[in-house]
Amino acid sequence: MAGDNGNKGIKAALEFGPVLGFFVAYLWFKDEVFVVNGTEYDGFIFVTAGFIPVFLIAMGALWWMTGHLSKMQVVTAVLIVVFGGMSVWFNDPRFFKMKPTIIYLLFGGTLAVGLLQGRSYLQYVMDGMMPLTDRGWMILTKRITYFFLALALLNEVIWRTMSEETWVYFKTFGLTAAVFGFFMTQGRLFAEHGTGEKDDG
């Protein structure tokens with residue numbers, strides 16, 4: 001049991017450590033300006049450039065440790081490289097700030113396509129993690145689709161209308177809290193449509 005708990009702790013550190021590291025580094029360097037080959041880069045771009053390899057190393061370690069990565073983790077890694085790289089290359093933070101919007105639109109749109117076909121792609125990806133009836137999966141998929149689209153819209157509103165520091169706080173803590181809060185409110189759904197065996201003892 002102690003070994004399992006240790007592994008869970010390491011997995012959590014690999015998944016959330018890079019994001020927290022980005023947050024701390026941003027607070028440290030946000031007012032700094034770095035000159036590379038005659039070009040000035042502000043703290044946000046500097047931290048973004050460092051975040052990309054750190055995130056990839058963490059995902060590589062997670063893959064080495066568990067033997068697999070979820071489709072969401074793989075897609076997220078690709079988008080971080082693409083949009084983070086574009087922000088650094090063009091010295092423009094807007095690309096990286098758009099990344100959560102693209103991620104949530106991509107996953108929300110994919111789930112919506114499945115729903116139009118009468119299928120739950122969420123069930124296909126997470127069936128072993130949350131045992132639900134087919135109807136339960138359809139209900140949850142609809143809710144998560146709306147939730148992802150709402151997060152995409154919220155990210156756009158915040159990065160376009162508020163300060164950079166506000167967006168960093170939102171990205172680090174707000175999105176995580178929103179996802180946690182969403183699943184906390186699904187208790188009734190899991191109770192009514194769960195297929196787990198009940199303990200008769």
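The numbers here are math on the coordinates, done by the rules we state, and not lab data. Since the model is a prediction, treat every value here as computed from it, not as a measurement. No Cβ is skipped: glycine too gets one built from the backbone with ideal geometry, and neighbour counts run over all protein chains shown.
Overview of values
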{"read-out": "Local electrostatic count at I102 - Lys and Arg +1, Asp and Glu -1, tallied over other residues with Cβ under 14 Å", "value": "+3"}
{"read-out": "Charge tally in the Cβ shell below 10 Å around R160, where Lys, Arg are +1 and Asp, Glu are -1, R160 excluded", "value": "+1"}
{"read-out": "Neighbour net charge for G50 - beta-carbon separation under 15 angstrom, K R +1, D E -1", "value": "-1"}
{"read-out": "Packing-based ranking, highest mean first, of 22-30, 110-118 given that Cβ atoms within 10 Å are counted", "value": "22-30, 110-118"}
{"read-out": "Rounded tilt (10° steps) of 43-66 against the dominant C-alpha axis of the chain", "value": "40"}
{"read-out": "Flagged links, alpha-carbon separation over 24 Å, of K11/K97; K30/K97; K8/K142; K8/K97", "value": "K11/K97; K8/K142; K8/K97"}
{"read-out": "0 to 90° range, to nearest 10: angle between helix 175-184 axis and the chain longest Cα axis", "value": "10"}
{"read-out": "Angle between the chain longest axis and helix 71-90 axis [Cα atoms, degrees, rounded to 10]", "value": "20"}
{"read-out": "Estimated [θ] at 222 nm from DSSP helical runs (n ≥ 4, -39500 (n - 2.57)) normalised by residues in the chain, nearest 500", "value": "-25500 deg cm²/dmol"}
